[in-house]
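Trainee: Got a structure for you, questions after.
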Amino acid sequence: RADRMTTAIILAGGLGTRLRSAVPDLPKPMAPIAGRPFLAHQMDHWIGQGVSRFVLSVGYRHEAISSHFGRRFHGAAIDYVVETSPLGTGGAVKLATAGLPRDEYTLLLNGDTYFDVPLRDLKARARRHDAHWCFSLFRNTDAARYMGVGLSKDGLITALREPTAPLANGGVYLFRPGALDAVTLAPGQAASLENDLFPQLLAAGQRVAGVQSHGAFIDIGVPADYHRAASVLPTARSTEPAHDLAG
């Protein structure tokens, strides 16, 4: 079942208020890195691992995203799900999964985070536990910014907020869309994936696995990391053309 996974949802609707000083008036995923939107680097990474369809959850200035990328990017199909009012990460994921197969593993990404996670590792850990969710984790060196995650010896997440834990949530998830059917949100209700939905799902007994990855990680949500991104993203250091065309 996990081997058939070819769809990735990207949460690309954020306002990017912390990044305004560096990237004014653009959706955060469109922030330019080495002449290309951050989102282009991110999608290239996952296309390279076999993703062939993206569902982009968009909101703020979504036309800037859809007019640039259109309906295809480097061979991958793109669908857009537009938030008419801000739904938070939890509401956005619920909306984006509405038309997806409920039991087919799907990738979930944040549009401002790059994490070089081997997809095969997420799949293997998810299969091992028949998990509803599998989180990517990284070694946490900034406890003030990233909350620790408790992980059992056999690879199941035991706590979402464990300040002294050495691993943190990397924001790359493999999940079954049907897992979200356990959460009911009113139409237009905003909710946080991390603060509202995950605690509910874990408390409801859903199997949540985690796997540590040692690949490069960067969250461009703050100017300092945004300016560092070109040295971290492999596609920014390559010899590809500086500008992508939609299509």
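The values are calculated or read from the model by the stated rules, or taken from the named source; none is laboratory data. Please read all numbers here as calculations on a predicted model, not as lab measurements. Because the Cβ atoms are built from the backbone with ideal geometry, glycine has one as well, and the counts that use them run over all protein chains shown. Accessible surface areas use protein heavy atoms only, side chains included; no ligands, DNA or RNA. Shrake-Rupley method; radii C 1.70, N 1.55, O 1.52, S 1.80 Å.
Trainee: Kindly evaluate Val81 against the criterion of being more than 20 Å from Gly215 (Cα to Cα) and open to solvent by less than 20 Å² (accessible area, probe 1.4 Å). Walk me through how you get there before you give the answer.
Mentor: Values: more than 20 Å from Gly215 (Cα to Cα): yes; open to solvent by less than 20 Å² (accessible area, probe 1.4 Å): no.
When the stated conditions are applied, Val81 does not pass them.
Trainee: Pick from Asp116, Asp121: which is surrounded by 15 or more Cβ atoms within 10 Å (Cβ to Cβ), touching a helix residue (DSSP H, G or I) at 6+ places or on another chain (Cβ under 8 Å) and acidic (Asp, Glu)?
Mentor: On the way: Asp121 fails: touching a helix residue (DSSP H, G or I) at 6+ places or on another chain (Cβ under 8 Å).
Step by step, each of Asp116, Asp121 is checked, and only Asp116 is surrounded by 15 or more Cβ atoms within 10 Å (Cβ to Cβ), touching a helix residue (DSSP H, G or I) at 6+ places or on another chain (Cβ under 8 Å) and acidic (Asp, Glu).
Trainee: May I pose another question? Ala131 - would you say it is open to solvent by less than 50 Å² (accessible area, probe 1.4 Å) and farther than 28 Å from Pro163 by Cβ?
Mentor: Details: open to solvent by less than 50 Å² (accessible area, probe 1.4 Å): yes; farther than 28 Å from Pro163 by Cβ: no.
So Ala131 fails the test.
Trainee: Return the residues of the range 134-145 that are among the hydroxyl-bearing types (Ser, Thr, Tyr) and either out of contact with any strand residue (DSSP E or B) (no Cβ under 7 Å at 6 or more places or on another chain) or open to solvent by 40 Å² or more (accessible area, probe 1.4 Å) (or both); say none if nothing qualifies. I'd like the intermediate steps shown before the answer.
Mentor: Residues of the range 134-145 that are among the hydroxyl-bearing types (Ser, Thr, Tyr), as a first pass: 136, 141.
Selection gives Thr141 alone.
Trainee: How about the range 49-83: which of its residues are of a type in the set (Ser, Thr, Tyr), touching a residue at least 40 places away in the same chain (Cβ under 8 Å) and closer than 16 Å to Pro27 by Cα? I'd like the intermediate steps shown before the answer.
Mentor: The initial filter retains those residues of the range 49-83 that are of a type in the set (Ser, Thr, Tyr), namely 52, 57, 60, 66-67, 80.
Within this subset, residues satisfying the condition of being touching a residue at least 40 places away in the same chain (Cβ under 8 Å) are 52, 57, 60, 67.
Scanning the range 49-83 gives Ser57, Tyr60, Ser67.
Trainee: Next question. Tell me which residues, restricted to the range 171-198, are at positive phi and assigned to a loop (DSSP other than H, G, I, E, B).
Mentor: Let us first name the residues in the range 171-198 that are at positive phi, namely 171, 188.
Within the range 171-198, Gly188 is the sole residue that qualifies.
Trainee: So Ala229 clears everything in (1) closer than 19 Å to Thr89 by Cβ; (2) at pLDDT below 95 except one condition, right? Which one?
Mentor: Answer for Ala229: the failing condition is (1).
Trainee: Also, I was wondering about something else. Can you tell me which of (1) under 20 Å from Asp130 (Cα atoms); (2) modelled with pLDDT of 95 or more is the one Ala182 doesn't meet?
Mentor: Here Ala182 clears every test but (2).
Trainee: Okay, next question. Give me the residue from the range 198-237 that is of a type in the set (Ser, Thr, Tyr) and over 29 Å from Leu156 (Cα atoms) and, out of that set, surrounded by the most Cβ atoms within 10 Å (Cβ to Cβ). So that I can check it myself, show each step before the final result.
Mentor: Let us first name the residues in the range 198-237 that are of a type in the set (Ser, Thr, Tyr), namely 213, 226, 231, 235.
Those left that are additionally over 29 Å from Leu156 (Cα atoms): 226, 231, 235.
Working: Tyr226: 24, Ser231: 12, Thr235: 17.
The selected residue is Tyr226.
Trainee: Residues that are closer than 26 Å to Ala230 by Cβ, part of a loop (DSSP other than H, G, I, E, B) and modelled with pLDDT of 95 or more: does the range 53-69 have at least one?
Mentor: Among the residues of the range 53-69, not one is closer than 26 Å to Ala230 by Cβ, part of a loop (DSSP other than H, G, I, E, B) and modelled with pLDDT of 95 or more, which makes the answer no.
Trainee: Continuing with this model, one more query. Taking the range 158-197 on its own, how many of its residues are in contact (Cβ under 8 Å) with a residue 40 or more places away in the chain, within 15 Å of Gly210 (Cα to Cα) and either in contact with a helix residue (DSSP H, G or I) (Cβ under 6 Å, 6 or more places away or on another chain) or open to solvent by 10 Å² or more (accessible area, probe 1.4 Å) (or both)?
Mentor: Residues in the range 158-197 being in contact (Cβ under 8 Å) with a residue 40 or more places away in the chain, within 15 Å of Gly210 (Cα to Cα) and either in contact with a helix residue (DSSP H, G or I) (Cβ under 6 Å, 6 or more places away or on another chain) or open to solvent by 10 Å² or more (accessible area, probe 1.4 Å) (or both): 5 in total.
Trainee: Restricting to the range 84-105, what's the tally of residues that are touching a residue at least 24 places away in the same chain (Cβ under 8 Å), exposed (fewer than 14 other Cβ atoms within 10 Å of the Cβ) and touching a Pro at 6+ places or on another chain (Cβ under 9 Å)?
Mentor: Looking only at that region, the number is 2.
Trainee: Out of curiosity, is Gly50 within 21 Å of Asp196 (Cα to Cα) and open to solvent by less than 50 Å² (accessible area, probe 1.4 Å)? Quick ask: steps written out before the conclusion?
Mentor: Details: within 21 Å of Asp196 (Cα to Cα): no; open to solvent by less than 50 Å² (accessible area, probe 1.4 Å): yes.
Judged against the criteria, Gly50 is not a match.
Trainee: Let me ask another. Given (1) in contact with a helix residue (DSSP H, G or I) (Cβ under 7 Å, 6 or more places away or on another chain); (2) hydroxyl-bearing (Ser, Thr, Tyr); (3) farther than 22 Å from Glu104 by Cβ, identify the lone condition not met by Ser136.
Mentor: Condition not satisfied by Ser136: (3).
Trainee: So which residues in the range 206-228 are charged (D, E, K, R) and not in a helix (DSSP H, G or I), if there are any at all? Lay out the reasoning, then the answer.
Mentor: Initial filter on the range 206-228 (charged (D, E, K, R)): 207, 219, 225, 228.
Correct list: Arg207, Asp219.
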